[in-house]
Amino acid sequence: MPRPALLAKVTTKKYIRQLSQASLYLGFLLVSLAVIATLAFFNKQKLLSLPFIASIISKQTNQKIVNLGNNALNTADTSKTGYKLYDEAAAKVLPDKSFQSKVYLSDSIIKLMQKGVIDREKFEAIYKERGGLPNELKIVLDQSSNTPILLTTDNANIYVNLLWPIGLSNYMASNSQSPVNGKDLYHFASTGGWNIGKEKNGGAYFNKYNIVVLTPDQEALVTKIAKNSYRPCCDNSTFFQDCNHGSALLGLLQLGAAEGLSEEELYKEALVFNSFWFPNNYIQTALYFKVIKNTNWENVDPKTVLSYDYSAISQWSKNVAAEIAKIPNLLPEAKAGGKCGV
């Protein structure tokens, strides 16, 4: 039998070894916590930009979507008003009530449904209450489409909802610098307002999937145009896709760039889609250039019209609306706007 002194010595060594291992584990845990705390202190915004972190925080807070009103869907009234210059401007901004785009959806909608960004049942339920989807748009839910978009005053708002999830979820490296990509990720109209995917909040899909694959040059072109184009519901650029129209226009640019459109062509497409989505604003802008600048709408550079000076709402109100309001009998009585959401 082992002697008591020897047994005690062996037991002590075993205890010391176990204690040493426990100390190592505890030390590793403390160091890890210290690293995380340091990162959180010095780079809080970076951590909050991670979707799973933002998701946890959003569930623990009662913060509301900050700009849901910007998701308003505007309906174009193309009936004659009796105001000659206004009616002429409307006919040019919304040519024949339709526009033959060069952009096509390809397999983007199929991919969005496969990834759960679009829940087909929820999507179709929206339009069931509105008389159903047009036949030509039902097809894109089932198969790839290389038919260029025919944008009309009747389907323009449907295309907002088809293009919105593309801009929201499609991956671009430059989106890491997007103002949306931060602690409020889940609380914008573009993210929190997208509630027809499998997830309850569209923030879960931000910049997550390769829906439209872009080369580095194509992505650079999209980013350049997105940073220099605006919409008259806010003062934010397309790159700051904080509402449905911003996401939708970004999705349009991504599709167009991937399909080989030039910078000039992309600006033209962007202006026409913006015009169909914000008809009252751009009809007045066309009037402004005609009456104040003596320039016909077809001769105005789309890049100029989409700039901060003429498409951001604060500057549009000052540079366009305020100026043409000074001219009597130019505008008909204002008509009511649209509705919010999808």
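Of the residues that sit in segment 200-227 and are surrounded by 15 or more Cβ atoms within 10 Å (Cβ to Cβ) and over 15 Å from Asn175 (Cα atoms), which one is farthest from the chain's Cα centre (by Cα)?
Within segment 200-227, the match that is farthest from the chain's Cα centre (by Cα) is Asn201.
So, Tyr308, is that one closer than 18 Å to Tyr83 by Cα, hydroxyl-bearing (Ser, Thr, Tyr) and either assigned by TED's automatic domain parsing to the domain that holds Thr238 or touching a Ser or Thr at 6+ places or on another chain (Cβ under 9 Å) (or both) or not?
Details: closer than 18 Å to Tyr83 by Cα: no; hydroxyl-bearing (Ser, Thr, Tyr): yes; either assigned by TED's automatic domain parsing to the domain that holds Thr238 or touching a Ser or Thr at 6+ places or on another chain (Cβ under 9 Å) (or both): yes.
For Tyr308, the condition - closer than 18 Å to Tyr83 by Cα, hydroxyl-bearing (Ser, Thr, Tyr) and either assigned by TED's automatic domain parsing to the domain that holds Thr238 or touching a Ser or Thr at 6+ places or on another chain (Cβ under 9 Å) (or both) - is not met.
One residue is enough: does segment 235-247 have a residue meeting the conditions over 26 Å from Leu271 (Cβ atoms), surrounded by fewer than 20 Cβ atoms within 10 Å (Cβ to Cβ) and not basic (Lys, Arg)? So that I can check it myself, show each step before the final result.
Going through segment 235-247, the residues over 26 Å from Leu271 (Cβ atoms) turn out to be none.
Checking segment 235-247: not a single residue is over 26 Å from Leu271 (Cβ atoms), surrounded by fewer than 20 Cβ atoms within 10 Å (Cβ to Cβ) and not basic (Lys, Arg).
Being among the basic types (Lys, Arg) and under 21 Å from Leu255 (Cα atoms) is the filter here, so list the residues in segment 121-144 that pass it. Spell out how you get there, then give the answer.
Taking segment 121-144 first, the residues among the basic types (Lys, Arg) are 122, 128, 130, 138.
Result: Lys138, single match.
Between a residue in segment 90-103 that is within 16 Å of Pro302 (Cβ to Cβ) and any residue that is hydroxyl-bearing (Ser, Thr, Tyr), which pairs come within a Cβ distance under 7 Å, given they are 6 or more apart or on different chains?
From segment 90-103, the pairs are Val93/Ser275; Val93/Tyr282; Leu94/Thr78; Leu94/Thr153; Leu94/Ser275.
Taking the condition without any contact (Cβ under 8 Å) to a residue 12 or more places away in the chain, in the same structural domain as Ile211 (by TED's automatic domain parsing) and out of contact with any Gly (no Cβ under 9 Å at 6 or more places or on another chain), does Asn175 pass?
Numbers: without any contact (Cβ under 8 Å) to a residue 12 or more places away in the chain: no; in the same structural domain as Ile211 (by TED's automatic domain parsing): yes; out of contact with any Gly (no Cβ under 9 Å at 6 or more places or on another chain): yes.
Criteria not met by Asn175.
Of all residues in segment 238-292, how many are of a type in the set (A, V, I, L, M), outside any helix (DSSP H, G or I) and either under 15 Å from Lys303 (Cβ atoms) or within 20 Å of the chain's Cα centre (by Cα) (or both)? Full working, then the answer.
If we filter segment 238-292 for residues that are of a type in the set (A, V, I, L, M), which is where we start, we get 248-250, 252-253, 255, 257-258, 261, 266, 270-272, 283, 286-287, 291-292.
Retained after the next criterion (residues that are outside any helix (DSSP H, G or I)): 261, 292.
Imposing the further condition that a residue be either under 15 Å from Lys303 (Cβ atoms) or within 20 Å of the chain's Cα centre (by Cα) (or both) reduces the set to 261.
Total satisfying the criteria: 1.
Does Ile118 qualify as being surrounded by 21 or more Cβ atoms within 10 Å (Cβ to Cβ), closer than 26 Å to Glu199 by Cβ, in the same structural domain as Thr238 (by TED's automatic domain parsing) and under 17 Å from the mean Cα position of the chain (by Cα)? Don't jump to the end; show me each part of the working.
Values: surrounded by 21 or more Cβ atoms within 10 Å (Cβ to Cβ): yes; closer than 26 Å to Glu199 by Cβ: yes; in the same structural domain as Thr238 (by TED's automatic domain parsing): yes; under 17 Å from the mean Cα position of the chain (by Cα): yes.
So Ile118 fits the description; yes.
The values are calculated or read from the model by the stated rules, or taken from the named source; none is laboratory data. Here the structure is a predicted model, which is why all the values come from computation and not from measurement. Cβ: placed from backbone, ideal geometry, glycine included. Neighbour counts: every protein chain shown.
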